[in-house]
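> Once you've had a glance at the structure underneath, I'll fire off some questions.
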Amino acid sequence: MLAFIRDSFLAGDPDGELEPDTPLLELGILNSLNTATLVAHVRKEYGLTVPLSDVSAATFRSVATITDMLHARLAA
Amino acid sequence: MNAPDTATDLRADMFLLHAPSVYDFRERDDVLFAYLSDSDSVNVTSVYEMYPIGWFSIKQKLAENGFDCRIVNIASLMLMHPELDVEALISRLDAPVIGFDLHWMTQCHGAIELARVVKRIHPEALIVFGGISATYFAAELIEYDAVDVVVQGYDTLEPVTKLVTAAVRGQGSLADIPNLLYKSGDRIENTGFSHKPAANYNNVRNDWSYYQQTPVTPLSSKLIMTLPNTGCAHDCGWCGGSKFAYRNIMGVQKTLVQKDNDLIVEELRTMGEAARKTSIYALQCYSENKKRMHQYLDAVHDFGYRSVYFEQFHLTPADTLKKMGESTEAYIMLSPESHDPRISKAAGRGTFTMEQMEDWIPRAMDAGVKGVMVWFFIGMPYQDRQSVRDTVAYCEHLIKKFAGQPVLPLICPMVPFLDPGCRFFEEPAQHGYRIMHRTLEEHRQAMVEPLWHRRLNYETEWLSRRDLQDVSYEAIARLVTVKGEHGALPDTFCEAVLSTIEETKALLAEMEHALELDGRLPADLRTRVRDYNRKILAYSSDQILPMPRPFGGRWFDDVTVPPALIEQVTRAGAAA
């Protein structure tokens, strides 16, 4: 997930600034277009359809919260 | 049931109510709010829940004169709270003056129906209509029982202020206020359409500060809009804001009236620190000269706005491109309407060829522009089915040529109406058009047509109304498929759009068959229509980002009615 976001939205993140708890919305790393791209990537990579109800400021706050949500979905 | 808590009632000197396109659209099983019937070019539903930006100016002007004016977006509330009891909410709004927008024709059914509700609940309130369409249809509009006053014009700040002063403070008479049609006993009085300022359009600073605290969500970027002028420097035959239309509707020779650019800069300042997380859609900046554009760009840079979407008529010149690239994340929206220069010119564009555009795009990217969107339109002169297919084929060429770069072609139909007052509406035969609805009432009835192709008020020599519908679905489906094939759109989105198109077409076909056979829709089909409507009106989307997005967080989503009052007037809350 970190690698995907670095490559797709941060031009590779050459300064290594992205961490699991980096606030993605706060810093504008995730906007509506990037979120849509990420959701599509999740579907393709993990076979998981993220329902609209899970696409919230809380679950998409950071890479850590996104992966927590995905783990919960996978376990369900 | 407990008596309502009137402490939460809203009181004002004037409410501006934005109605849905159809009232009451919820639970309708006789009208399909079909995917694409709202063109899918803006992040709204076919309820058309966005209100005109000019309302901020009215609100601000009234505030400067000591009046409390509040905007209540009934359409947005009905979408966000499907169980909302609208009449219960209306009964909790208290103001001597209640205004409705009939700016775009899409509100022609809902605004008048909602005005009837308001008149029944608040018979003493003065009900006022305004907007471009209200001006065009003023004489017919004032005849509706629920309408007390029509304010004509493109800049109504002075007349509305005088009207509210008369209604609230008893100072002055309607007879002395320009631009009004109003009822006086059994008579309709007309004070003359004389207030047509040639400069300083909407001469107040709009205040966006209410939007500062709206949270950024993953699917809802903060987006505001700026409107630096009214009318236009251009003359597209299909547009109700064109030079022709303004001469026709507003009776002015000077068809472009600009707002004081210093006020626009001050508007941008009102977002404060939140500007850094906010994007701007720069409306009508294609009518701005270089000096004004560059001043605007300086302000965008200084206030730190995240990104700006610029509507451009010509290919932006190099110096402005450079400044755009340096000022913000700049996106440019071009709209040649067709790849075919003959059609583009007939539509009022044709200011550049596709070859010139393709040469310009790399220069725009080199200057730092982050993306270029190219819009094409269905319903233009000379445009037949093959021409639309050729436009989509051209879109594929663009996608391939600029593969991996943010160049996005889009196509949408001109729906639901050709603007009354535009050249093609007024001189249809000369341009290959046939007009199907002429009066306001005909348009109102059209809005509740079961099938959206029968809602259209026009067809052309080259595409009938049914053709327009079929060609539109075919074009969008093909373009989405192409985007998926070339990675311009995630394939999960493509699948979702294509699936929605197939479902919509199938349902429309069944409805059309049933109506042709029996003149009515059978019960089981009506159930499916209602279920479809509930599903499609549960979210907004647009072609740029064809992903369902929840309501709330858009600049026009209602923020006036407090949660406590909403709870009291939802059916669930009322039953508790």
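The values are calculated or read from the model by the stated rules, or taken from the named source; none is laboratory data. All values derive from a computational prediction rather than experimental measurement. Please note: Cβ atoms are built from the backbone with ideal geometry, for glycine as well, and neighbour counts cover all protein chains shown. SASA here: full protein model, heavy atoms, side chains in, ligands and nucleic acids out. Shrake-Rupley method; radii C 1.70, N 1.55, O 1.52, S 1.80 Å.
> In Å, what is the Rg of the alpha-carbon atoms in chain B, and how long is Dmax?
Every Cα atom of chain B included, Rg and Dmax give 23.3, 69 Å.
> Using a simple charge model, +1 on the beta-carbon of Lys and Arg, -1 on the beta-carbon of Asp and Glu, nothing else, what dipole does the protein assembly as shown show about its Cα centre, in debye to the nearest 20?
In total the dipole reaches around 760 debye.
> Determine one quarter of the surface area of the Cα convex hull of the protein assembly as shown, which equals its mean projected area, and express it in nm² to one decimal.
Computed as one quarter of the Cα hull surface, the answer is 29.6 nm².
> Quick one: check the C-alpha center-to-center distance for the range B:227-282 versus the range B:446-470, whole angstrom.
30
> By accessible area of protein heavy atoms, probe 1.4 Å, what ranking do B:LEU515, B:LEU219 get, highest first?
Per-residue accessible area, sorted high to low, gives B:LEU515, B:LEU219.
> Mean separation of Cα pairs under 8 Å and 6+ residues apart, divided by the residue count of the range B:66-211: what relative contact order is that in percent?
Result for the range B:66-211 is 16 percent.
> Please identify the cysteines of the protein assembly as shown that lack any partner cysteine with a Cβ under 4.7 Å from their own Cβ.
Cysteines lacking a close Cβ partner in the protein assembly as shown: B:CYS69, B:CYS108, B:CYS232, B:CYS285, B:CYS395, B:CYS412, B:CYS422, B:CYS494.
> Quote the FRET efficiency, to the nearest 0.05, computed for A:LEU48 versus B:ARG389 with a Förster distance R0 of 41 Å and r equal to the Cβ-Cβ distance.
After rounding, the FRET efficiency stands at 0.65.
> Before I look further, what does the protein assembly as shown give for accessible area per residue, probe 1.4 Å, in whole square angstrom?
Ligands and nucleic acids excluded, the result is 39 Å² per residue.
> For Cα pairs less than 8 Å apart in space and 6+ apart in sequence, what is the mean separation divided by the residue count of the range B:302-455, i.e. the relative contact order in percent?
This gives 19 percent for the range B:302-455.
> Ignore the peptide's own chain and count Cβ atoms of other chains within 10 Å of each Cβ in A:31-44; give me the average, rounded.
6
> Provide the per-residue ³J(HN,Hα) series for the range B:70-77, in order, calculated from phi with Karplus coefficients 6.51, -1.76, 1.60 and θ = phi - 60°, each as a whole number of Hz, with x at glycine and proline positions.
10, 9, 10, 8, 4, 4, 4, 5
> Leaving ligands, DNA and RNA out of it, work out the accessible area of B:SER464 with a 1.4 Å probe and give it in Å² to the nearest 10.
Accessible surface of B:SER464 is approximately 40 Å².
> At the nearest 100 Å², what buried accessible area, both sides summed, do you get for A and B when the probe is 1.4 Å?
What A and B bury together is about 1500 Å².
> Peptide B:214-226: average number of partner chain Cβ atoms within 10 Å per residue?
Average per residue, whole number: 5.
> Return the carbon/sulfur percentage of the accessible area of chain B, one whole number, probe 1.4 Å, all protein chains in place.
Carbon and sulfur together cover 49 percent of it.
> At 0.36 nm per residue, and after removing the present C-alpha to C-alpha distance, how many nm does the segment from B:HIS397 to B:ASP298 gain when stretched out fully?
32.1 nm
> How big, on average over all directions, is the shadow cast by the Cα convex hull of the range B:1-84, in nm²?
Seen from a random direction, the Cα hull of the range B:1-84 projects 7.8 nm² on average.
> A further question follows. Please compute the modelled spin-label separation between B:SER499 and B:ALA564, points set 7 Å along Cα→Cβ, answer in nm with one decimal.
If labels sit at B:ALA564 and B:SER499, their model points lie 4.4 nm apart.
> Hey, with R₀ at 30 Å, roughly what FRET efficiency would B:ARG120 and B:ALA506 work out to, going by the Cβ-Cβ distance, to 0.05?
Approximately 0.15, to the nearest 0.05.
> Stretched out fully, how many nm does the piece from B:ARG534 to B:LYS291 gain, at 0.36 nm a residue minus the Cα gap?
So the chain would gain 82.7 nm between B:ARG534 and B:LYS291.
> Ranking request for peptides B:123-136, B:357-370: highest mean number of other beta-carbon atoms within 10 Å first, then the rest in descending order.
The packing order, highest mean first, is B:123-136, B:357-370.
> How far, in nm, would the chain grow between B:ALA318 and B:VAL42 when pulled straight, counting 0.36 nm per residue and subtracting the alpha carbon separation?
Result for the pair: 96.5 nm of gain on full extension.
> Considering only protein heavy atoms, with the full assembly of protein chains and a 1.4 angstrom probe, order B:LYS119, B:LYS400, B:LYS259 by accessible area, largest first.
Sorted descending by solvent-accessible area, the residues read B:LYS400, B:LYS119, B:LYS259.
> Here's a follow-up. Assign one of three labels to the range B:436-576, namely rounded, prolate or oblate, based on the Cα gyration tensor with a ≥ b ≥ c the square roots of its eigenvalues; rounded applies when a/c is under 1.5, prolate when it is not and a/b is larger than b/c, and oblate otherwise.
oblate
> What does the C-alpha gyration tensor say about the overall shape of the range B:176-286? Classify as rounded when a/c is under 1.5, otherwise prolate if a/b is larger than b/c, or oblate.
Judged from the Cα gyration tensor, the range B:176-286 comes out prolate (a/c at least 1.5, a/b above b/c).
> Compute the distribution of all C-alpha to C-alpha distances in chain A, in bins of 5 Å from 0, and list the percent of pairs in each, rounded to whole numbers.
3, 15, 30, 29, 16, 6, 1, 0
> Can you send over the solvent-accessible area of B:PHE352, 1.4 Å probe, protein chains only, in Å² to the nearest 10?
20
> Accessible area of A:HIS41, 1.4 Å probe, to the nearest 10 Å²?
40
> Moving to a separate point now. If you take the alpha carbon radius of gyration of the range B:112-177 and divide it by 2.2 N^0.38 Å, what ratio comes out, to two decimals?
1.11
> For the range B:223-380, what ratio Rg/Rh do Cα atoms give with a Kirkwood hydrodynamic radius?
0.98
> Rounded, prolate or oblate, given the Cα gyration tensor of the range B:41-80, with a/c below 1.5 counting as rounded?
It comes out oblate by the Cα gyration axes.
> For the range B:411-499, take the convex hull of the Cα atoms, compute a quarter of its surface area, and give me that in nm², please.
With the hull built on Cα positions only, its mean projection is 6.8 nm².
> On to the next question. At 222 nm, what helix-only mean residue ellipticity would chain B give, in deg cm²/dmol to the nearest 500, using -39500 (n - 2.57) for each DSSP H run of four or more?
So the calculated ellipticity at 222 nm is -11500 deg cm²/dmol.
> Something else now. Along each of its three principal axes, how wide is the spread of alpha-carbon positions in the range B:21-132, in whole angstrom units, largest first?
Principal-axis extents of the range B:21-132 (Cα, largest first): 44, 29, 23 Å.
> While we're looking at this one, here's another question. Of the DSSP beta bridges with both residues in the protein assembly as shown, give the percent that are antiparallel, rounding to the nearest 5.
25
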